[in-house]
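K.L.:
First the structure, then my questions, so here it is.
Read the figures in this text as sums done on the coordinates, not as results from a lab. These figures come from a predicted structure and were not determined experimentally. Note: ideal-geometry Cβ built from the backbone for every residue, glycine included; neighbour counts use all protein chains shown.
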């Protein structure tokens, strides 16, 4: 860890308390000048640090800049294998994590960016990722026995984890629009994208990159006109919200992913699609149906007007809820 990171670690551990420059210098074997320069650099990064003569430096409890140190302090013990790296901006956290996977990075690598210039969504769509208002995170996974046909489990586990994390840190109710979007207050607040590489020999997943983007607050100037009626943000009721939210998502994802704890019933219970009229969109064709359930493989069960029933795979189709079909 460099000087700036080491000082941030100390300030995070004692957030809201003052540490004198002399104390910091002694703990880290630095000069007072080096401490001052590093604190200035942290302030330039956006960290809200109060500096008072004869008292020292204090990381404000209201500071909401995400950092590896800030996330780690909220992780459960069973998440100790996560290795977190944070950047001010990336083209795409999923792209960066895939590059790390190609270079042999082990499972548990987590990359977070404060903004993305080319955020990825499903079917080649972009994910709006402005600075200062969101959590953009990707996790590298290397499951040992997950068949290619079961890759959707990663996405659906993540959806449950995000919902539970949001509700644990706010008064918001979170729901899932099959298969990968989280909604709150009738608007999309989170998108999830899993990109996997497969072994041709075993037909199992070699590695997967799980991308999660959450709108934590409304961006400066508001959402673009084409998005303002579609997307919303969560309303966290805690200080240090982004760090806490990232950690809570990882905590809850780990609980289901590593322990293989059943989650499908929770996914069904949060579905905003079951019982609704939908349009099944496939190959530029839209067919009306009713979503009647979600099976144990997290496929959406739909019934068409002619009485036929189909179990839909997320990789094949998209679904649009139609309230007034």
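K.L.:
Listing 311, 207 from the residue with the fewest other Cβ atoms within 10 Å to the one with the most, what is the order?
P.N.:
If I rank by nearby Cβ atoms, fewest first, I get 311, 207.
K.L.:
Length gain on complete extension for the stretch residue 73 to residue 258, per 0.36 nm per residue less the alpha carbon to alpha carbon distance?
P.N.:
Additional length available on full extension: 64.6 nm.
K.L.:
Relative to the longest principal axis of the chain, what angle (0 to 90°, nearest 10) does the C-alpha long axis of helix 241-257 take?
P.N.:
Helix 241-257 and the main axis of the chain meet at about 50 degrees.
K.L.:
If you average the alpha carbon positions of the stretch 194-217 and of the stretch 1-70, how far apart do those two centres end up, in angstrom?
P.N.:
Spelled out, the Cα-based centre of one part sits 36 Å from the other.
K.L.:
List 73, 55 from most exposed to least, where exposure is judged by having the fewest other Cβ atoms within 10 Å.
P.N.:
Going from sparsest to densest Cβ surroundings: 55, 73.
K.L.:
Same structure, new question: Can you check how the C-alpha radius of gyration of the stretch 151-202 compares to 2.2 N^0.38 Å, as a plain ratio?
P.N.:
1.34
K.L.:
If you stretched the chain out fully between residue 18 and residue 91, how much longer would it get, using 0.36 nm times the residue separation minus the C-alpha to C-alpha distance?
P.N.:
Extra length from residue 18 to residue 91 when fully extended: 22.6 nm.
K.L.:
Averaging over every viewing direction, what projected area does the convex hull of the Cα atoms of the stretch 277-321 cover, in nm²?
P.N.:
2.9 nm²
K.L.:
Quickly work out the residue 235-to-residue 125 label distance, labels modelled 7 Å from Cα along the C-beta direction, and quote it in nm with one decimal.
P.N.:
Placing both labels 7 Å beyond Cα along the Cβ direction yields 2.5 nm.
K.L.:
Using the Cα atoms of the stretch 1-159 to build a convex hull, what is its mean projected area in square nanometres?
P.N.:
Orientation-averaged projected area of the Cα hull: 11.4 nm².
K.L.:
Could you state the principal axis extents of the C-alpha atoms in the chain, from the largest down, to the nearest angstrom?
P.N.:
79, 46, 31
K.L.:
Follow-up question, since we're still on this one. Output needed for the stretch 66-109: three equivalent-ellipsoid semi-axes, defined as square roots of 5 times the C-alpha gyration tensor eigenvalues, in descending order, whole Å.
P.N.:
After diagonalising the Cα gyration tensor, the semi-axes are 20, 15, 6 Å.
K.L.:
From the gyration tensor of the Cα coordinates in the stretch 80-208, what semi-axes in whole Å does the equivalent ellipsoid have, largest first, with each one equal to sqrt(5λ)?
P.N.:
24, 19, 14
K.L.:
If I stretch the segment between residue 43 and residue 274 completely, what's the gain in nm (0.36 nm per residue apart, minus their alpha carbon distance), one decimal?
P.N.:
This chain segment gains 78.4 nm when fully extended.
K.L.:
A further question on this structure: On a 0 to 90° scale, report how tilted helix 3-13 is relative to the longest principal axis of the chain, with both axes built from alpha carbons and the result rounded to the nearest 10.
P.N.:
80 degrees
K.L.:
Mind checking the log10 I(q)/I(0) for the stretch 3-59 at q = 0.15, 0.21, 0.30 Å⁻¹? Debye, one equal scatterer per Cα, no solvent, two decimals.
P.N.:
The calculated log intensity ratios at q = 0.15, 0.21, 0.30 Å⁻¹ are -0.33, -0.68, -1.52.
K.L.:
On a 0 to 90° scale, report how tilted helix 152-169 is relative to the longest principal axis of the chain, with both axes built from alpha carbons and the result rounded to the nearest 10.
P.N.:
Taking the Cα atoms of the chain, the angle to 152-169 is about 50 degrees.
K.L.:
Here is a follow-up. Given the -39500 (n - 2.57) contribution per DSSP H run of 4+ residues, what per-residue ellipticity at 222 nm results for the chain, rounded to the nearest 500 deg cm²/dmol?
P.N.:
Mean residue ellipticity, 222 nm, calculated: -8000 deg cm²/dmol.
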